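Colleague: Sending over a structure as structure tokens; questions will come in a sec.
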Amino acid sequence: MTYRFIQLLLLLILTSTTYAATWNNPYDADKVGQDVLFTSFSAPPKHLDPVISYSSNEWGIISQIYEPPLQYNYLKRPYVLEPLTLKTMPTVRYLDAQGHEVDKNSDAVVYSEYRLDLRDDIRYQPHPSFVKTGQWGLLYGQLSEADLEKIHTLDDFAKTDSRNLVAADYAYAIKRMAVRQYHSPILDTMTDYIVGLDEFSQKISKIAKQKKQANQPLDLRDYQISGVKIIDDYTLTIKLKGRYPQFLYWLSMNFFAPIPWEADLFYQQQGLIKKNLTLNWFPIGTGAYMLVENNPNKRMRLVANPNFHRELYPRITAEQAKSFGIPAELLKDQDKPLPFIKEVIYSLEKESIPFWNKFLQGYYDASGISSEAFDQAVQVSSTGDMGLTQEMQDKGIQLRGSVQPSVYYKAFNMVDPVVGGYSESAKKLRQAISIAMNDEEHISIFTNERGIPAQGPIPPGIFGYEEGKLGTNTVVYDWKNGKRERKPLSVAKKLLAEAGYPNGISAKTGKPLALYYDTPASGPDDRAELDWLRKQFSKLGIQLIIRATDYNRFQDKVRNGKTQIFGWGWNADYPDPENFLFLLYGGNAVVNTNGSGINSSNYQNPEFDKLFEQMKTMENSPERLEIIRKMIKIAREDSPWMWGWHPKSLALIHDWYSNVWPNAMANNTLKYKRIDPQLRVQKQQEWNQPITLPLILFIAFILLMIYPLYRAYQSRQIAVIKPAATGGTR
């Protein structure tokens, strides 16, 4: 018995060592070694309905499912739009007031009409809403109480079907956008451009209210927008007011993703809404993936859409790849059909440390870099260049980074009597502070070098941004020995004296200059940054007084023009200079728009505004670039902002995860990426070998303790049996 017991224990030890990778693998056994991407989410997405959703964590999901008409080329830079569900890029006709076609540069242009010609080979993912009875009836369109008792997920429907994407689905999406009760964040913007949308929105919102009161579904097929015309099954036109070339960028966003009427009516059933089976929870699209599991307390799961249309990995030339800085390995899959990854599992990870440890164990395929893990992952050279630590290199981990199309800046309120205004003294005060504000130091201390100092409002990757000497803000920097150098503090002090504040003392009153910085920041992590900010002003002898409030109060102060200096930021909605320069356009000043404007600094320069109105509807060209240069020069001189910095995103990827290329504008990028599951399993086993010696020693100790007891037990049994045996022979 003892011998067999020892054999069993040794067998268990050997077996557990052989299958070490399964000891702490957080995934189901059937996923190990499969073509699955393992990633995470820290907060559950609230809205997966494309008419509502506008958060990055939500778009990270729905952009894999929905397909608006256009997308960004995955590899090319600057960002380039290309057809997604269209045969070609939209064509545009320019019309006069009578609807006659005119030259696009004509003063008679009143409308621009965009024609969208759809591909005829695009089909929706399988879904129960498409199952028909007869030609138009929906099999699951009027579920009874008995039906609903058996339904808990979409998998509980016995049948699914599909159909082709048609032009009416895009028109239907725009109609849903117009329903006020759906709270589309871009409705007010689009009513300024799409002909008839405002009138339609007012009408359909009243109808939607009546339908809800009567407990009836809202079928938008019965109503039309005058500026949106369905020419045939695969052709749609959208008429805009005036010229608006940026409309193409909007056509790449999920707000313009198609919505089939069948799904809209299917999901309006109250019985399904009560079970949380809604368009907001289970989207339906034509994209590369479909959502098959949505458990916000555990995981979300995408699988490849079996009906996905033919799309190939993008092709670019070697010369283009070199100019874009694209590694050669990203080109090996050119012209191969997408998608490569068959399933994506998003697991809930609320804390960064456990996520980071699982990434190092190989159980997540990619990771961002938190502040806690930065020193372990990245080493920064004396010149500011970033590279991986030896530990990361030894694991074969790769670093991917890019400057984001964003800007974080500190703004002067231009209507403030002290820091605002357009006099020479006011401009010199702002210029002096801008020089003293050492953004390079801020980036180094508070962002681990993850950013570059801004030279103006336009970030890299956007038309109008320029590198080198030509793109340097000469108010704040000098160009020396082929690089930028911030002007010395002596220049800032000279400007401050010329502004009427020598050494920070008012020449008029003899009192020290005190300025106010408004911020919602108040936590312990914010204090170090606010202390640093005070020091930047104190270098000029200026006292900075921090006015911290809650975020809602802070927003109210900004909207009402009651701030003096404050920090703000902007992320690109679309990669066009207009999307950044409009932050300084006088017509958008909050004091001119009852607080609804996006020009929070209230900057108003007539010359800048005139150039903006000329530039905003132009196509990218040398003429447009020249106007942008003039605008930026004016803004630099006026200095309504301390220009701040453009953030840089960094990501780590394991060497089995390929085709990963940063693209800040595109969100539908999963279809381009690839996993080598065999290499992943190999590395997981290598990195997660259990330490069995303590277990062996523990078992040996137990055996040593048991053996004497067992021997004593055997001896006792022999002693008992022997007399009994002797008595039996008498």
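Quick note: the coordinates plus some simple rules give every number you see, no bench work behind them. Note that the coordinates shown come from a computational prediction; the quantities given were computed from them, not determined experimentally. Using ideal geometry, Cβ is built from the backbone for each residue, glycine included, and neighbour counts are taken over all protein chains shown.
Colleague: Measure nothing fancy, just the Cα-based angle from helix 524-538's long axis to the longest principal axis of the chain, in degrees from 0 to 90, nearest 10.
Modeller: Roughly 30 degrees between the two axes.
Colleague: Separate question: Positive end of the charge dipole of region 281-409 (Lys, Arg +1 and Asp, Glu -1 on Cβ, about the Cα centre): tell me which of Ala318, Val380, Val292 has its Cα farthest that way.
Modeller: Val292
Colleague: Another question about this same structure. Amide H neighbours of Leu86 under 5 Å, at least 5 residues apart or on other chains, H built in the peptide plane: list them.
Modeller: It is Arg119, by chain and number.
Colleague: Cα centroids of region 183-222 and region 339-409: how far apart, whole angstrom?
Modeller: Cα centres, region 183-222 to region 339-409: 44 Å.
Colleague: Please list, in order along region 679-685, the HN-Hα scalar couplings obtained from phi with the Karplus expression 6.51 cos²θ - 1.76 cosθ + 1.60 (θ = phi - 60°), rounded to whole Hz, x for Gly and Pro.
Modeller: 3J(HN,Hα) across region 679-685, in whole Hz: 5, 4, 4, 4, 5, 4, 5.
Colleague: Counting other Cβ atoms within 10 Å, keep those with at most 15, restrict to DSSP loop, and tell me which trypsin sites (Lys or Arg not before Pro) in region 125-186 are left.
Modeller: Sparse-neighbourhood loop trypsin sites (Lys or Arg not before Pro): Lys150, Lys159, Arg163.
Colleague: For the charge dipole of the chain, defined by +1 on Lys and Arg C-beta atoms and -1 on Asp and Glu C-beta atoms about the Cα centroid, which residue among Thr389, Ile52, Tyr244 has the Cα displaced farthest towards the positive pole?
Modeller: It is Thr389.
Colleague: Let me check against my output: what whole-number percent is the relative contact order of region 504-570, with C-alpha pairs under 8 Å and at least 6 apart?
Modeller: Answer for region 504-570 is 44 percent.
Colleague: Determine the dipole magnitude for the chain: charges of +1 sit on the beta-carbon of Lys and Arg, -1 on that of Asp and Glu, nothing else is charged, the reference point is the Cα centre, and the result goes in debye to the nearest 20.
Modeller: Roughly 1680 debye for the chain.
Colleague: Any idea what angle helix 606-615 forms with the longest principal axis of the chain, computed on alpha-carbon atoms, 0 to 90 degrees, nearest 10?
Modeller: Taking Cα atoms only, the helix is inclined about 60 degrees.
Colleague: Under 8 Å for C-alpha pairs, at least 6 residues apart: give me the relative contact order for region 406-649, rounded to a whole percent.
Modeller: Taking the mean separation of contacting Cα pairs over the length of region 406-649, I get 33 percent.
Colleague: For Lys209, go through the aspartates and glutamates and keep the ones whose alpha-carbon is under 18 Å away, minus same-chain ones fewer than eight residues off.
Modeller: Of all the aspartates and glutamates, those that pass the test against Lys209 - Cα under 18 Å, at least 8 places apart if same chain - are Asp198, Glu199, Asp219, Asp222, Asp264.
Colleague: Measuring from label point to label point, each 7 Å out along Cα→Cβ, what is the Glu424 to Ser621 span in nm?
Modeller: Simple spin-label model gives 3.9 nm for this pair.
Colleague: Go through region 377-480 and name the chymotrypsin sites (Phe, Trp or Tyr not before Pro) that are in a DSSP coil and have 15 or fewer other Cβ atoms within 10 Å of their Cβ.
Modeller: Counting only loop positions with at most 15 other Cβ atoms within 10 Å, the chymotrypsin sites (Phe, Trp or Tyr not before Pro) in region 377-480 are Tyr422.
Colleague: Hand me the trypsin sites (Lys or Arg not before Pro) from region 265-334 located in a DSSP loop with no more than 13 other Cβ atoms within 10 Å, in residue order please.
Modeller: Listed in order of number, the matching sites are Lys298, Arg310, Arg315, Lys332.
Colleague: Here is a further query. From the Cα gyration tensor of region 406-649, with a ≥ b ≥ c the square roots of its eigenvalues, which class applies: rounded if a/c is under 1.5, or else prolate if a/b is larger than b/c, or else oblate?
Modeller: It comes out rounded by the Cα gyration axes.
Colleague: Also, I was wondering about something else. Which ³J(HN,Hα) values, rounded to whole Hz and listed in residue order, are derived for region 564-578 from phi using the Karplus coefficients 6.51, -1.76 and 1.60 in 6.51 cos²θ - 1.76 cosθ + 1.60 with θ = phi - 60°, glycine and proline given as x?
Modeller: 10, 9, 7, x, 8, x, 8, 9, 4, 7, 7, x, 9, x, 4
Colleague: What lysines could a cross-link reach from Lys203, if we take a straight Cα to Cα line under 21 Å and drop same-chain neighbours fewer than 8 places away?
Modeller: In chain and number order, the partners are Lys175, Lys211, Lys212, Lys229, Lys239, Lys241.
Colleague: Once the dipole of the chain is set up with Lys and Arg at +1 and Asp and Glu at -1 on Cβ about the Cα centre, which of Gly464, Pro512, Phe566 lies farthest towards its positive end?
Modeller: With unit charges placed on the Cβ atoms, the residue in question is Pro512.
Colleague: While we're on this one: Over all pairs of distinct alpha carbons, what does the Kirkwood formula give as the hydrodynamic radius of region 472-522, in Å?
Modeller: Evaluated over region 472-522, this radius sits at 13.3 Å.
Colleague: Quick one: putting +1 on the C-beta of Lys and Arg, -1 on the C-beta of Asp and Glu, what dipole do you get for region 406-649 around its Cα centre, in Debye to the nearest 20?
Modeller: 900 debye
Colleague: Using 0.36 nm times the number of residues separating Thr133 and Glu319, minus their current alpha carbon distance, what extension gain do you get?
Modeller: So the chain would gain 61.4 nm between Thr133 and Glu319.
Colleague: Relative contact order of the chain, please, whole-number percent, based on alpha carbon pairs below 8 angstrom and at least 6 residues apart.
Modeller: 17 percent
Colleague: List the equivalent ellipsoid semi-axes of the chain in whole Å, largest first, each obtained as the square root of 5λ for an eigenvalue λ of the Cα gyration tensor.
Modeller: Each semi-axis is √(5λ); the values are 54, 40, 24 Å.
Colleague: Can you tell me the orientation of helix 424-436 relative to the chain, as the angle in degrees between its alpha-carbon axis and the longest Cα principal axis, to the nearest 10?
Modeller: Helix 424-436 sits at roughly 20 degrees to that axis.
Colleague: Grab the Cα-Cα distance for Glu391 and Asn73, subtract it from 0.36 nm times how many residues apart they are, and report the gain in nm with one decimal.
Modeller: 111.1 nm
Colleague: So how much slack lies between Asp188 and Ser106, counting 0.36 nm per residue of separation and subtracting their Cα-Cα distance, in nm?
Modeller: 26.8 nm
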